[in-house]
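Laboratory data are not the source of any read-out in this text; all were calculated from the coordinates shown. This one's a predicted model, so the numbers in the text were calculated from it and none came from an experiment. Positions of Cβ are generated from backbone atoms using ideal geometry, with glycine treated the same way; all protein chains shown enter the neighbour counts.
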């Protein structure tokens, strides 16, 4: 069924000479990787087409790939839009997508299949990442993955899976990973810069590791904007350090609360086995079973999230 949708999407892509690829707010490795991986594949396959990827990108990878574009309103109004890694229309970073001539969506979040945007909605919550889906899309249409495309897609494969620790459908992700490795993509270089940490980040991780708190089965860190200023760390970057609390003995979930200068708090939730996506949805967020997120208007509401997580954990254990 999904291979048929991949082929339908490819046929629709053939009909357009201008294509713009969109991702979500605060792009992560999977969002950015699927945008620029798809762009690279389409440019290789259709060199005469105008292919664009828009958004702010995954900061850690921008200097390595730097494949994002500035696009005028007129271009978007005369283009096919492709949305990647977004289930909710309001979470698309560039809202001009609504003016595209038509839309294709690739997404893997839970409940994504109920939120349709255009002619072709491809939702697969068994996929660990959208980069995995883009790889499957390429293979389903009879193409090989080139080294250039493979490196971009591997970024999402490794980040959204937690270096292949959190997997949904193992068969598909390793099929795509195998195709990327066979392409000759430089995987080692990606690991080298992706997990490189400067002194400031290392000290911030040390702060989190030393100052986290525990309530019942949940470990958590509250990073107020004053603290982040002292650490000299942006709240978005701080939120990516949530796994400093991973794999603690007798802890089922861990969560970070990072406050922006404007007072909005980014919440990142992770777990060993418990479905934390339902907690994120409860607080108007979303994500995956073991990795989800949401936002709070007031950082002092952090305890509500912690309590809700413990409620879900103890309900499961009954």
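Taking every alpha-carbon pair within region 2-194, the share separated by more than 22 Å comes to 39 percent. The simple Förster model, with R0 at 35 Å and r as the Cβ-Cβ distance, assigns residue 186 and residue 297 a FRET efficiency of 0.25. Straightening the chain between residue 114 and residue 307 buys 66.6 nm, computed as 0.36 nm per residue apart minus the Cα-Cα spacing.
Take every DSSP beta bridge whose two residues both sit in the chain; close to 45 percent of them are antiparallel. Output the 0 to 90 degree angle, nearest 10, between the alpha-carbon long axis of helix 199-211 and the longest principal axis computed from the alpha carbons of the chain. The answer is roughly 50 degrees.
Counting 0.36 nm for each residue step from residue 226 to residue 8 and taking away their Cα separation leaves a gain of 73.4 nm.
Computed from Cα positions, the angle between helix 130-140 and the longest principal axis of the chain comes to roughly 30 degrees. With contacts taken as Cα pairs under 8 Å and at least 6 residues apart, the chain reaches a relative contact order of 12 percent. For region 191-298, a Kirkwood radius taken over Cα pairs fed into Stokes-Einstein (37 °C, viscosity 0.692 mPa s) yields D = 233 µm²/s.
Here 249, 151, 11 are placed in order of increasing Cβ neighbour count within 10 Å, fewest first, which gives 249, 11, 151. Placing R0 at 51 angstrom, the Cβ-Cβ distance between residue 72 and residue 216 gives a FRET efficiency of 0.45 after rounding to 0.05.
Taking 57, 118, 29 as the candidate residues, the one with maximal mean-square fluctuation in a Gaussian network model of the chain, Cα springs under 10 Å, is 118.
Helix 302-317 sits at what angle to the longest principal axis of the chain, using alpha carbons and giving 0 to 90 degrees rounded to 10? The angle comes out near 80 degrees.
Each Cα pair under 8 Å and six or more residues apart adds its sequence gap; the mean of these over the residue count of region 48-144 is a relative contact order of 20 percent.
Considered as an equivalent ellipsoid built on the Cα gyration tensor, region 115-225 has semi-axes of 33, 20, 13 Å, the largest given first. In plain terms, the residue of 154, 48, 32, 143 with the fewest other Cβ atoms within 10 Å comes first and the most crowded comes last, giving 48, 143, 154, 32. The relative contact order of region 200-317 comes to 22 percent, based on Cα pairs under 8 Å that sit 6 or more residues apart. Taking the fewest neighbouring Cβ atoms within 10 Å as the starting point, the ordered list for 199, 208 is 199, 208. Estimated from helical segments only, the mean residue ellipticity of the chain at 222 nm is -12500 deg cm²/dmol, where each DSSP H run of four or more residues counts as -39500 (n - 2.57).
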